[in-house]
Protein chains: 2
Amino acid sequence: MKLALWQTQGFPGDVEGNLASLERIAQSAAAGGAELLLLPELWLTGYNLPELIPALAEPADGPSFSRIADIARRNNIVIAYGYAERPSPEQPVYNSVQVVGTAGAPLAHYRKTHLFECMEKSLYTPGDVFEPPFSLGEWKIALLICYDVEFPENVRTHALAGADLILVPTALSPEFTNVPDWFVPARAVENTLFIAYCNHCGVENGLLFLGGSKLAGPDGRTIAAAGEGEALLIAEIDLAARKKAAPTFPYLRDRRPELYTSLDKG
Amino acid sequence: MKLALWQTQGFPGDVEGNLASLERIAQSAAAGGAELLLLPELWLTGYNLPELIPALAEPADGPSFSRIADIARRNNIVIAYGYAERPSPEQPVYNSVQVVGTAGAPLAHYRKTHLFECMEKSLYTPGDVFEPPFSLGEWKIALLICYDVEFPENVRTHALAGADLILVPTALSPEFTNVPDWFVPARAVENTLFIAYCNHCGVENGLLFLGGSKLAGPDGRTIAAAGEGEALLIAEIDLAARKKAAPTFPYLRDRRPELYTSLDKG
């Protein structure tokens, strides 16, 4: 499967601008042979806009969904995008990711369970469920968002549920190089699966993003990576690489769950 | 506290040679101000000697323990050493680490729970217990051995039990650069604690070791590291660094144990 990651500065607060640019990028990714295009966390609205986001939040099947579904269908590409979700005007706001298939129907949805620091905790309600991996051809694909992937428990949970690939839209600042440099390769190899970590870049409302998006293979090695600026990464991933890595890194086989009884205690 | 890690080629199969060299190194480490000296996995016998090790295995309070306790007492330094343990001639062999205090008494002991591949699995019986951290002054210190540290569950278990520092004797080959490059810093910062990872170096009975011993701090950064050859690393570690790292990396605070229910299922 060919996977595309779009590291973008986006148009903060301008949903229409973001949808318009998705049209172009989806076409480019599809022309490059990509079957799935991953966008950053809260791509639709921008990340660092706490005053604007509540008003820009939409239901999962809201007007932007229809537009994105149309782009997915016309370009024959699956699109995974971060957005601010409000199921109805009376309900709270979630930091969510949705995956739309080439038929224009939703394939998967996830609400960020591990919110980062005060701004996120005041703005969003955390999700309480790790959605099981969804199927795309032979692939089992799971969803996490940003801070979620920094907890080994979360990636392990999806690995135990059979995930081959984890899509991680993110919004990461430059002080956290620990995530692309150590966590992304560590999570990949300790679970012998693929991790696609797609960040913002540039400055948004005074907040600088790291860039550094990365696609890591089941041996932890980098398949593709971006620097500081806008980048569309398109790379082939091969399910056989999981089987190839497992004998060298047999962690999933050698776990001893009977010893891990303290991990789910409050 | 000043900590010393001794990355050594050792004298494979020659317990007497190893004890004699420990005498020198303990003196050097103590002269450098170190309070604790960490040695590699199966340091006492050598690692890659499956035919010799069963005969060289000793009880925890065996003749080598007395010699090491004497070195610890005379040099006023705590010594953590890997050895092959056989509690009695009728009992199985364990891949163990023991910590001897400056009074010459054992402070802590641990039997490797996660054995690596066929040679280890045929030679050793795995331990079934993560020993709680032991106290040394203000420090809480836990023990893991080599492959153990590659499982995030194991380090997390000790972090939840209050460990500030994890001592990891190891015997790592050059193909596993993922461990010092990604896992050691990731484990340290994801638990905001210190990890001391002490390897063999050189060639032993046809097996090449990586070297690459590393002491990582609670922000994951390297405090001291060795290259390929023999090295004695002596470095200061400061408990205050844990408190300093926690606000930037609040993983232990932000865990959601109620979501981690699949991790201890068979």
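The values are calculated or read from the model by the stated rules, or taken from the named source; none is laboratory data. Since this is a predicted model, take the numbers as computed values, not measurements. Positions of Cβ are generated from backbone atoms using ideal geometry, with glycine treated the same way; all protein chains shown enter the neighbour counts. Side chains are part of the model used for accessible areas, which takes the heavy atoms of the whole protein and leaves out ligands, DNA and RNA. Shrake-Rupley method; radii C 1.70, N 1.55, O 1.52, S 1.80 Å.
On the given criteria, is A:Asp148 in contact with a helix residue (DSSP H, G or I) (Cβ under 9 Å, 6 or more places away or on another chain), in contact (Cβ under 8 Å) with a residue 24 or more places away in the chain and open to solvent by less than 10 Å² (accessible area, probe 1.4 Å)? Break it down into steps so the answer makes sense when it comes.
Working: in contact with a helix residue (DSSP H, G or I) (Cβ under 9 Å, 6 or more places away or on another chain): yes; in contact (Cβ under 8 Å) with a residue 24 or more places away in the chain: yes; open to solvent by less than 10 Å² (accessible area, probe 1.4 Å): yes.
The answer is yes for A:Asp148.
Of the residues in segment B:192-215, how many are on the phi > 0 side of the Ramachandran plot and more than 12 Å from chain A (Cβ to nearest Cβ)?
Step one: list which residues in segment B:192-215 are on the phi > 0 side of the Ramachandran plot, which gives B:192, B:202, B:205-206, B:211-212.
When the remaining residues are screened for being more than 12 Å from chain A (Cβ to nearest Cβ), the result is B:202, B:205-206, B:211-212.
Residues flagged as on the phi > 0 side of the Ramachandran plot and more than 12 Å from chain A (Cβ to nearest Cβ) within segment B:192-215 amount to 5.
Give the number of residues within segment A:243-256 that are open to solvent by less than 20 Å² (accessible area, probe 1.4 Å) and within 7 Å of another protein chain (Cβ to nearest Cβ).
Residues flagged as open to solvent by less than 20 Å² (accessible area, probe 1.4 Å) and within 7 Å of another protein chain (Cβ to nearest Cβ) within segment A:243-256 amount to 2.
B:His158 is checked against (1) surrounded by fewer than 24 Cβ atoms within 10 Å (Cβ to Cβ); (2) within 14 Å of chain A (Cβ to nearest Cβ) and fails just one. What number does that condition carry?
(1)
Right, B:Tyr94: closer than 25 Å to B:Leu165 by Cα, among the aromatic types (Phe, Trp, Tyr), in contact with a helix residue (DSSP H, G or I) (Cβ under 9 Å, 6 or more places away or on another chain) and open to solvent by 10 Å² or more (accessible area, probe 1.4 Å) or not? Can you show your working first?
Numbers: closer than 25 Å to B:Leu165 by Cα: yes; among the aromatic types (Phe, Trp, Tyr): yes; in contact with a helix residue (DSSP H, G or I) (Cβ under 9 Å, 6 or more places away or on another chain): no; open to solvent by 10 Å² or more (accessible area, probe 1.4 Å): yes.
It is false that B:Tyr94 is closer than 25 Å to B:Leu165 by Cα, among the aromatic types (Phe, Trp, Tyr), in contact with a helix residue (DSSP H, G or I) (Cβ under 9 Å, 6 or more places away or on another chain) and open to solvent by 10 Å² or more (accessible area, probe 1.4 Å).
Starting from residues that are open to solvent by 40 Å² or more (accessible area, probe 1.4 Å) and among the aliphatic types (A, V, I, L, M), keep the ones in segment B:227-242 and report whichever is farthest from B:Arg156 (Cα to Cα).
The residue in question is B:Leu232.
Residues in segment B:216-255 that are part of a strand (DSSP E or B) and at positive phi: how many? Before you say what the answer is, go through the steps one by one.
Taking segment B:216-255 and keeping what is part of a strand (DSSP E or B), we get B:216, B:222-225, B:231-236.
Pick out the ones that are also at positive phi and you get none.
Selection size over segment B:216-255: 0.
Go over the candidates A:Leu36, A:Leu56 one by one and state the one that is under 19 Å from the mean Cα position of the chain (by Cα), among the aliphatic types (A, V, I, L, M) and buried (at least 17 other Cβ atoms within 10 Å of the Cβ).
Numbers: A:Leu56 fails: under 19 Å from the mean Cα position of the chain (by Cα).
Result of the check over A:Leu36, A:Leu56: A:Leu36.
What about B:Arg24, is it farther than 27 Å from B:Val155 by Cβ, touching a helix residue (DSSP H, G or I) at 6+ places or on another chain (Cβ under 9 Å) and either surrounded by fewer than 16 Cβ atoms within 10 Å (Cβ to Cβ) or not aliphatic (A, V, I, L, M) (or both)?
no
Could you tell me whether any residue of segment B:176-191 is in contact (Cβ under 8 Å) with a residue 60 or more places away in the chain, within 14 Å of chain A (Cβ to nearest Cβ) and among the polar types (S, T, N, Q)?
Filtering segment B:176-191 down to residues in contact (Cβ under 8 Å) with a residue 60 or more places away in the chain leaves B:189-191.
Now restrict to residues that are within 14 Å of chain A (Cβ to nearest Cβ): B:189-191.
The next check asks that each one be among the polar types (S, T, N, Q); those that pass are B:191.
Taking every residue of segment B:176-191 in turn, at least one turns out to be in contact (Cβ under 8 Å) with a residue 60 or more places away in the chain, within 14 Å of chain A (Cβ to nearest Cβ) and among the polar types (S, T, N, Q).
Please indicate, with yes or no, whether at least one residue in segment A:161-169 is surrounded by fewer than 22 Cβ atoms within 10 Å (Cβ to Cβ) and within 14 Å of chain B (Cβ to nearest Cβ). Don't jump to the end; show me each part of the working.
The first filter runs over segment A:161-169 and keeps only residues surrounded by fewer than 22 Cβ atoms within 10 Å (Cβ to Cβ), leaving A:161-162.
Filter once more, keeping what is within 14 Å of chain B (Cβ to nearest Cβ): A:161-162.
Yes - at least one qualifying residue is present in segment A:161-169.
Restricting attention to segment B:173-188, does a residue exist that is modelled with pLDDT of 95 or more, in contact with a Cys (Cβ under 7 Å, 6 or more places away or on another chain) and under 19 Å from B:Ala224 (Cβ atoms)? Working first, answer last.
Keep residues of segment B:173-188 that are modelled with pLDDT of 95 or more, which gives B:173-188.
Next, from what is left, pick out any that are in contact with a Cys (Cβ under 7 Å, 6 or more places away or on another chain): none.
Among the residues of segment B:173-188, not one is modelled with pLDDT of 95 or more, in contact with a Cys (Cβ under 7 Å, 6 or more places away or on another chain) and under 19 Å from B:Ala224 (Cβ atoms), which makes the answer no.
The rows are residues; the columns are (1) within 14 Å of another protein chain (Cβ to nearest Cβ); (2) assigned to a loop (DSSP other than H, G, I, E, B); (3) in contact (Cβ under 8 Å) with a residue 12 or more places away in the chain.
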| residue | (1), (2), (3) |
| --- | --- |
| A:Ser64 | no, no, yes |
| A:Pro87 | no, yes, yes |
| A:Pro92 | no, yes, yes |
| A:Ala103 | no, yes, yes |
| A:Tyr110 | yes, no, yes |
| A:Thr113 | yes, yes, yes |
| A:Ser122 | no, no, yes |
